[in-house]
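Below: one structure, written as structure tokens.
The values are calculated or read from the model by the stated rules, or taken from the named source; none is laboratory data. These figures come from a predicted structure and were not determined experimentally. Ideal geometry is used to build each Cβ from the backbone, glycine not excepted, and the neighbour counts take in all protein chains shown.
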Amino acid sequence: MSTKTTTPPVGQAVVVGKLSTLDRFLPVWIIAAMAVGLLLGRFVPGLNTALDAVKIGSVSLPIAVGLLVMMYPVLAKVRYNETGKVLADRKLLITSLIINWVAAPAFMFALAWIFVPDLPEYRTGLIIVGLARCIAMVMIWNDLACGDREAAAVLVFINSVFQVVAFGALGWFYLQVLPGWLGLPITSADFSIWSITVSVLVFLGIPLLAGFLTRTIGEKAMGRNWYEGKFLPRLGPWALYGLLFTIALLFALQGDTITSRPLDVVRIALPLLVYFVVVFGAGMVIGRALQLGYARTTTLAFTASGNNFELAIAVAISTFGVTSGQALAGVVGPLIEVPVLIALVHAALWGRKRFFAN
């Protein structure tokens, strides 16, 4: 994260050797941030109410700040003049669209009905999570795994557009139409298109514009060597600071709920664990079969397996209420996603020299 390599290393050991202390022990810091958040949410009365008092759209202002700090350095690293090459890669774009908007939501629908058929609130929450495609944290995981930054920026942008256009329609299909076809109970839900649009514009639009302007002005004024050799290493660590801050706040918001209902958390966690591992693995296998190369295959896998929990939580709260089971399912999402995707970063680096010859 805090260093820039122009020639990809051949194995995980080389990558780890180039990382700063912050990067190398990131799983430790993330676990610590989760623990701090849970403890604060559990033992500081009124903290979750205070954190949720001021919002941007339907998302807590402190969390919004953390997300923006997290996203900006990653998007400042993107070489925007090279994104045309990604747009020309039809195999990558079409495959990403199919996995993200057809296969992954359908898979989460199946998992929700398999694992929690008797708990309709959690089931609905899981389905909403499956519909909220990742537009934020995936940039961090992709960067740590040495994925293609330009490809990640393009795929995240495409996901954002589809999120605004298709989220409501897909929610209606998976909660009402498809269950009706299968003879299953249906769930009524009225999603706010405005809430979804605001989420995309704020959490992708602002840092994307800031990153683009920073790259354009910085390179024009000082040159690419200075920008990538001097400026980015100083800016890079702020992405992880923002990540840790955001994780701590997310867990603080629901710390009391999570620690007081451990069995419910486990029931929600199991389908999420299966979802992340299977979708990521499928993305890696498909990317290798299509000969996309390691960097773009990794980007495909992470953009497919990650989810926009900020949006899922916001939608669940605005539609069903802050204390609803749907909201709890959204909150449990990052509890599982963060450690699992960190493990998948290491899995990707481990498989790099074993399954990708170049």
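Mind listing whichever residues of segment 336-358 are at pLDDT below 75 and within 14 Å of the chain's Cα centre (by Cα)?
Passing the criteria: none in range.
Just a yes or no: is a residue in segment 315-331 small (Gly, Ala, Ser) and within 23 Å of Leu97 (Cβ to Cβ)?
no
Considering only segment 248-262, state which residues are over 19 Å from Met70 (Cβ atoms) and of a type in the set (Gly, Ala, Ser).
Answer for segment 248-262, where residues must be over 19 Å from Met70 (Cβ atoms) and of a type in the set (Gly, Ala, Ser): Gly255, Ser260.
Taking only pairs six or more apart or across chains, which ones have beta-carbon atoms under 6 Å, a first residue in segment 268-294 that is among the hydroxyl-bearing types (Ser, Thr, Tyr), and a second residue that is crowded, with 17+ Cβ neighbours inside 10 Å?
Tyr275/Met108; Tyr275/Leu111; Tyr294/Arg352; Tyr294/Phe356
Only one residue in Leu144, Leu126, Leu131 is touching a helix residue (DSSP H, G or I) at 6+ places or on another chain (Cβ under 6 Å), over 15 Å from Tyr174 (Cβ atoms) and touching a residue at least 40 places away in the same chain (Cβ under 8 Å). Which one?
Leu144
If only one of Gly255, Gly205 is among the small types (Gly, Ala, Ser) and surrounded by 18 or more Cβ atoms within 10 Å (Cβ to Cβ), which one is it?
It is Gly255.
Give me the residue from segment 182-192 that is under 19 Å from Ala106 (Cα atoms) and of a type in the set (Ser, Thr, Tyr) and, out of that set, surrounded by the most Cβ atoms within 10 Å (Cβ to Cβ).
Thr187
Of the numbered conditions (1) in contact (Cβ under 8 Å) with a residue 12 or more places away in the chain; (2) in a loop (DSSP other than H, G, I, E, B), Val198 satisfies every one except a single condition; which is it?
Status for Val198: all satisfied but (2).
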